[in-house]
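Data block below; observations after.
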Amino acid sequence: MIEVKNLYKSFNGYPVLTDLNLTVQKGSIYGLVGANGAGKTTLIKHIVGVFKQDKGDILIKGCPIFENTLMKSNVGYISDDLFFFSMYSLKNMSRFYKKVYFSWNQERYQFMLNLFRLDENKRISKFSKGMQKQAALILTMSCMPEVLVLDEPIDGLDPLVRKKVWKMIIEDVSEREISVLISSHNLKELEGICDSIGILNGGRMVIERELDELKSDISKIQVAYKTEFPEELFEKLDVLHHEKRGSVDLFIVKGNRNAIIEMLKNLNPLVLDVLPLTLEEIFIYELGGDGHEIEGILF
Amino acid sequence: MFQLDLKNGKPIYEQIVDKFKEFIITGVLKPDEKIPSVRDLAKQLTINPNTIQKAYRELEYQGYVYSVQGLGSFTSSPDKILDTNKVDHLKEQINNNICELLYMGFEPDEMEKYIKNILSSWKGGRQND
């Protein structure tokens, strides 16, 4: 549904996105994560056709998105900095959206208005920040887009509202098979909602995988042997991080979990615990390089 | 229907698979009972439908559920289920527990008696069914 191929973009000769590929399938929820300044918002602005790429292709349903009004009416986008006409109430805004988007669904609008309990006659500028975000969500999701692009949609929302937002998104994904791309720093919540994850760093896609695959590929291992840790194992394992805690060795290891367990078991460990990593831990280990910079931050 | 633990590092589809197995084994879900559709469960748990789909495929593969075209998914009868992974895992657990008990000074004879007791009471329970 969303395809980005070999995207390159520079601002004033300074490359911001280089050789970037991304694919979001129909009916999939894609989580875009990355450090601050990694290029998430820039990438998103290309996907919704706000920025024009220097090189590469950006396709929505197989068509280039830039200056493509028809395609754009299929894409719902909530940016990081929201925009509403000054003096407008939610009701005025909804009238405007109704004229612009053919697919506007008044029932959905009423339903979401009740769900989030917003006053449609109040001026949006008088809303709190979180309420403005909810207003943007109501307007965007009432256009019934096939592609939903959300730049940090849940930041600043209270837990109850966040739950409601996820419920609405899940409903659209399961009933209408829409594609959703979400950028967020709230990795714990992304973990429950996304099926694919892309990790962006320095304008490049570092990892793009199915979330379950990613998690089964990387494990935290605690192991202790009677004697020192057998050195030859270091060569066989793809170690991202190693730490000695007394007589116990802690490893973060890439690769097939069962194969690793077999390998470690063969040498009769006294203790062997293998734990899956959370998305947050994966993020830190993947972006923390060889582990020097992250020492001390972790667990 | 049930709660998932997002803080647990275990992949969510695995958690769903395990929960359903537990329900089927303990009889909370009766044989040939209909389980929720992918969409319904996704909405109920606020979990990605693709994740639920994956869990259902795995359950079907392991023989815990079967699907009927147009009707949905149903639980299998217990005798159709064989999950070698789980069998290995359980054997290992028994092994660990026995070792621990022996380490704590449990006599092997006592152990044998204890295990026999469990087995005979299970057999008795089966005959009463």
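The values are calculated or read from the model by the stated rules, or taken from the named source; none is laboratory data. The model shown is predicted, which means the values in this text are computed figures rather than measured ones. Reconstructed Cβ throughout: ideal geometry from the backbone, glycine too, with neighbour counts over all protein chains shown.
For segment A:38-57, state whether one or more residues are hydroxyl-bearing (Ser, Thr, Tyr), in contact (Cβ under 8 Å) with a residue 60 or more places away in the chain, farther than 20 Å from residue A:142 by Cα and in contact with an Asp or Glu (Cβ under 7 Å, 6 or more places away or on another chain).
yes
Quick test for you: out of A:162, A:123, pick the one residue that is crowded, with 16+ Cβ neighbours inside 10 Å, assigned by TED's automatic domain parsing to the domain that holds residue A:190, charged (D, E, K, R) and without any contact (Cβ under 8 Å) to a residue 60 or more places away in the chain.
The conditions single out A:162.
For segment A:18-125, list the strands (runs of 3 or more DSSP E) that sit wholly inside it and hold at least 3 residues that are modelled with pLDDT of 90 or more and in contact with a Lys or Arg (Cβ under 8 Å, 6 or more places away or on another chain); which are they?
Here the list reads A:55-60.
Among residues belonging to segment A:82-117 that are small (Gly, Ala, Ser) and surrounded by 15 or more Cβ atoms within 10 Å (Cβ to Cβ), point out the one that is nearest to the chain's Cα centre (by Cα).
Selected residue: A:94.
Exactly one of (1) surrounded by fewer than 15 Cβ atoms within 10 Å (Cβ to Cβ); (2) in contact with a His (Cβ under 6 Å, 6 or more places away or on another chain) is unmet by residue A:270. Its number?
Result: residue A:270 passes all but (2).
Considering B:74, B:106, which residue is in contact with a Phe, Trp or Tyr (Cβ under 9 Å, 6 or more places away or on another chain), among the aromatic types (Phe, Trp, Tyr), without any contact (Cβ under 8 Å) to a residue 60 or more places away in the chain and not assigned by TED's automatic domain parsing to the domain that holds residue B:31?
It is B:106.
Look through segment B:31-46, keep the residues that are assigned to a loop (DSSP other than H, G, I, E, B) and of a type in the set (Val, Ile, Thr), and return whichever of them is nearest to residue B:6 (Cα to Cα).
B:46
Looking at (1) crowded, with 21+ Cβ neighbours inside 10 Å; (2) part of a loop (DSSP other than H, G, I, E, B); (3) aliphatic (A, V, I, L, M), which is the only condition residue A:157 fails?
Looking at each condition in turn, residue A:157 falls short on (1).
Report yes if residue A:146 is surrounded by fewer than 22 Cβ atoms within 10 Å (Cβ to Cβ), in contact (Cβ under 8 Å) with a residue 60 or more places away in the chain and within 14 Å of another protein chain (Cβ to nearest Cβ), otherwise no.
So residue A:146 fails the test.
Test each condition in (1) assigned to a helix (DSSP H, G or I); (2) in contact with a strand residue (DSSP E or B) (Cβ under 9 Å, 6 or more places away or on another chain) for residue A:144 and report the one that comes out false.
Looking at each condition in turn, residue A:144 falls short on (1).
Go through segment B:29-44 and count every residue that is under 23 Å from residue A:26 (Cβ atoms) and surrounded by 21 or more Cβ atoms within 10 Å (Cβ to Cβ).
2
Could you tell me whether residue B:55 is closer than 26 Å to residue A:276 by Cβ, small (Gly, Ala, Ser) and touching a residue at least 24 places away in the same chain (Cβ under 8 Å)?
yes
Just the residues that are part of a helix (DSSP H, G or I), within 14 Å of chain B (Cβ to nearest Cβ) and not hydrophobic (A, V, I, L, M, F, W, C), please, taken from segment A:210-251.
A:212, A:213, A:215, A:216
Scan segment B:17-52 for residues that are more than 11 Å from every other protein chain (Cβ to nearest Cβ) and aliphatic (A, V, I, L, M) and jot them down.
If the condition is that a residue be more than 11 Å from every other protein chain (Cβ to nearest Cβ) and aliphatic (A, V, I, L, M), then B:17, B:24, B:25, B:28, B:29, B:35 are the ones that fit.
Kindly provide the set of residues from segment A:79-107 that are touching a strand residue (DSSP E or B) at 6+ places or on another chain (Cβ under 6 Å) and either outside the structural domain of residue A:125 (by TED's automatic domain parsing) or among the aliphatic types (A, V, I, L, M) (or both), ordered by number.
Listed by number, the list is empty, since nothing qualifies.
Exactly one condition in (1) closer than 27 Å to residue B:41 by Cα; (2) buried (at least 16 other Cβ atoms within 10 Å of the Cβ) is false for residue A:264; which is it?
(1)
Name the residues in segment A:210-236 that are more than 28 Å from residue A:19 (Cβ to Cβ) and either small (Gly, Ala, Ser) or at pLDDT below 80 (or both), would you?
Answer for segment A:210-236, where residues must be more than 28 Å from residue A:19 (Cβ to Cβ) and either small (Gly, Ala, Ser) or at pLDDT below 80 (or both): A:219, A:224, A:227, A:228, A:229, A:230, A:231, A:232, A:233, A:234, A:235, A:236.
Name every residue in segment A:163-187 that is more than 16 Å from residue B:50 (Cβ to Cβ) and within 11 Å of the chain's Cα centre (by Cα), in order of residue number.
The answer is A:183, A:184, A:185, A:186, A:187.
I need the full set of residues from segment B:80-121 which are surrounded by fewer than 10 Cβ atoms within 10 Å (Cβ to Cβ) and aromatic (Phe, Trp, Tyr), in order please.
Scanning segment B:80-121 gives a single hit, B:103.
Tell me, which residue of segment A:185-209 that is assigned to a strand (DSSP E or B) and within 14 Å of another protein chain (Cβ to nearest Cβ) is modelled with the lowest pLDDT?
A:209
Checking residue B:65 against (1) away from every other protein chain (no Cβ under 14 Å); (2) surrounded by fewer than 18 Cβ atoms within 10 Å (Cβ to Cβ), only one condition comes out false. Which one?
Only one criterion is unmet by residue B:65, namely (2).
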